[in-house]
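The values are calculated or read from the model by the stated rules, or taken from the named source; none is laboratory data. Note that the coordinates shown come from a computational prediction; the quantities given were computed from them, not determined experimentally. Note that we place each Cβ from the backbone using ideal geometry, even for glycine, and neighbour counts take in every protein chain shown. In case anyone asks, the SASA skips ligands and DNA or RNA and just uses the protein heavy atoms, side chains included. Shrake-Rupley method; radii C 1.70, N 1.55, O 1.52, S 1.80 Å.
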Amino acid sequence: MYGEEGESMYALVARAGVLIEALPYIQKFAGKTFVIKYGGQAMVSQDLKETVVKDIILLKYIGVNPIIVHGGGAEVTRLMERVGLKVRFANGLRVTDKETMELVEMVLVGKVNQGMVSLFNTQGGRGVGLSGKDGRLFLAEKHPPVQMKGEDGPFEVDLGCVGDITRVNPELVKSLSQEGYIPVISSVGVTTEGESLNINADHAAGHLAAALGAEKLIVLTDVEGILRDPADPKSLISVLPEAEALGLIDSGDISTGMIPKVEACLRALQGGVKRTHIINGCIPHSLLL
């Protein structure tokens with residue numbers, strides 16, 4: 001027996017079985033908010049971007065309210081190198097002087113955000129672009145100098161126009177989501193005086209998830225997750241309590257760009273988010289899996 005398009009009845013039954021298997025999850029998460037931090041290599045490949053966007057649109061259609069927070073570090077780095085600016089990081093955060101801040105806004109608010117919104121809309125979703133400055137979504141203050149360890153002992157690094165979120169005003173995001181839109185938010189914040197600040201996208205997602213009372217925070221990255229031994233892919237940690245996470249940061253086992261991701265998860269959990277996940281966005285359909 002075959003269906004209208006030549007598929008065997010067995011294949012059609014198997015496909016229906018997948019939908020039935022998904023039903024309890026659809027029922028469980030209908031009406032719930034997922035904050036999805038989108039970044040890493042999953043933002044580089046056009047095919048992967050389209051896959052991720054389609055998965056998010058599917059979540060919206062089955063009743064989940066996805067909210068997207070994105071970075072764009074690779075794009076910022078490329079532009080800085082092109083114009084001859086030195087790229088520096090401290091504890092996973094980009095050192096951002098005023099000239100670099102202008103480039104960050106150009107890339108994140110202009111190129112990356114609008115490109116993602118366009119992709120959502122061409123794939124059948126209703127994406128709308130925001131930055132943390134819109135509606136004073138991310139109010140922030142300058143991050144204090146960070147302590148670093150060097151061969152000659154500890155030293156301080158001034159991060160410049162890098163911000164820490166002091167308040168989230170999520171009303172605009174809630175309204176857009178309730179009206180059927182998928183908010184796509186770039187991680188630029190603003191001070192009470194109106195100065196733009198570069199906000200780490202992981203931190204922004206963690207704060208927003210807490211402010212929205214989200215069901216989940218999902219951090220898409222380009223590695224499998226947290227490894228107990230960074231050199232051993234088999235040492236993946238499936239579940240990590242807060243105390244152990246902080247201990248791994250102190251010991252250096254969690255380092256560089258993974259630090260803000262773990263901090264974002266901890267911030268979200270402390271704010272009432274039920275579950276947080278760090279997953280490999282380079283695996284097709286990892287959000288659905």
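Projecting each Cα onto the charge dipole of the chain (Lys/Arg +1, Asp/Glu -1 at the beta carbon, about the Cα centre), which of 14, 237, 258 comes out farthest on the positive side?
Highest projection toward the positive end goes to 14.
From Cα pairs below 8 angstrom and at least 6 apart in sequence, can you work out the relative contact order of the chain, rounded to a whole percent?
In percent, rounded to a whole number, it is 22.
Show me, bin by bin at 5 Å from 0, the whole-percent P(r) of region 73-121 based on Cα pairs.
For region 73-121, the pair-distance distribution reads 5, 20, 29, 22, 12, 8, 4, 0.
Using only the Cα atoms of region 41-148, what semi-axes does the equivalent ellipsoid have when each is the square root of 5 times a gyration tensor eigenvalue? Give whole Å, largest first. Walk me through the numbers on the way to the answer.
Numbers: eigenvalues 164, 56, 34 Å².
Square roots of five times the eigenvalues give 29, 17, 13 Å.
Given a 1.4 Å probe and the protein chains all in place, what does the accessible area of residue 143 round to, in Å² to the nearest 10?
40 Å²
Given the options 161, 180, 214, identify the residue whose Cα lies farthest towards the positive end of the charge dipole of the chain (+1 on Cβ of Lys, Arg; -1 on Cβ of Asp, Glu).
Of the candidates, 180 comes out farthest on the positive side.
Under a straight-distance cross-link criterion of Cα-Cα below 17 Å, which lysines are reachable from residue 60, leaving out those fewer than 8 residues away in the same chain?
28, 32, 37, 49, 174, 216
Return the single residue from 145, 233, 24 with maximal mean-square fluctuation; model: Gaussian network over the chain, springs between Cα atoms under 10 Å.
24
Calculate the radius of gyration of the Cα atoms of region 151-213 to one decimal place, then report Dmax, the largest Cα-Cα distance, as a whole number, both in Å.
Just the Cα atoms of region 151-213 yield Rg and Dmax of 15.3, 56 Å.
What is the Cα radius of gyration of region 198-289 over 2.2 N^0.38 Å, N being its residue count?
1.04
All other residues with a Cβ under 9 Å from the Cβ of residue 182 taken together, and with Lys, Arg as +1 and Asp, Glu as -1, what is their net charge?
Working: positive: 60, 126; negative: none.
Once positives and negatives cancel, what remains is +2.
Return the inverse of the average 1/r over all pairs of distinct C-alpha atoms in region 152-255, which is the Kirkwood hydrodynamic radius, in Å to one decimal.
Kirkwood radius, region 152-255: 16.8 Å.
Given region 210-249 reduced to its alpha-carbon atoms as identical point scatterers, what log10 I(q)/I(0) does the Debye formula return at q = 0.26 Å⁻¹?
The calculated log intensity ratios at q = 0.26 Å⁻¹ are -1.03.
What's the Cα-based Rg to Rh of region 101-195, Rh via Kirkwood?
When Rh is taken as the Kirkwood radius, the ratio is 1.11.
Determine the per residue accessible area of the chain with all protein chains present and a 1.4 angstrom probe, expressed in square angstrom.
The answer is 52 Å² per residue.
Taking GluC sites (Glu not before Pro) that fall in a DSSP loop and have at most 14 other Cβ atoms within 10 Å as cut points, what is the longest piece of the chain between them?
8-150
List the residues, sorted by chain then number, that are 5 or more residues from residue 160 or on another chain and whose placed amide H is less than 5 Å from its amide H.
Answer set, sorted by chain and number: 96.
Would you work out what percent of the accessible area of region 89-194, with all protein chains in place, is carbon or sulfur (probe 1.4 Å)?
49 percent
Could you give the spread of the C-alpha atoms of region 10-53 along their three principal axes, from largest to smallest, in whole angstroms?
Extents along the principal axes, in whole Å: 37, 29, 11.
What residues have an amide H closer than 5 Å to that of residue 131, excluding those fewer than 5 places away on the same chain, when H is modeled at 1.01 Å from N in the peptide plane?
Result for residue 131 returns 186.
In the chain, with Lys and Arg counted as +1 and Asp and Glu as -1 at Cβ, which of these residues, 286, 95, 197, has the Cα nearest the positive end of the dipole, that is, farthest along it?
Among 286, 95, 197, the one farthest towards the positive end of the dipole of the chain is 286.
Only Lys, Arg, Asp and Glu count, each charged at its Cβ (+1, +1, -1, -1), so figure out the dipole size of the chain about its Cα centre, rounded to 20 debye. Each step should come with its number before you reach the end.
Numbers: 28 positive and 35 negative charges, 134 e Å.
For the chain, the charge dipole is close to 640 debye.
What base-10 log of the normalised intensity I(q)/I(0) is obtained for the chain from the Debye formula, alpha carbons as equal point scatterers, at q = 0.08, 0.11 Å⁻¹?
For the chain at q = 0.08, 0.11 Å⁻¹, log10 I(q)/I(0) is -0.36, -0.66.
Using a 10 angstrom cutoff on alpha carbons, build the Gaussian network for the chain and name the most mobile of 114, 270, 147.
147
From the phi of every residue in region 158-172, what ³J(HN,Hα) in whole Hz does the Karplus formula 6.51 cos²θ - 1.76 cosθ + 1.60 yield, where θ is phi - 60° and glycine or proline is x?
Values, residue by residue: 7, 7, x, 7, 9, x, 10, 5, 9, 7, 10, 10, x, 4, 5 Hz.
To the nearest 10 square angstrom, what accessible area does residue 58 show with a 1.4 Å probe?
The value for residue 58 is about 80 Å².
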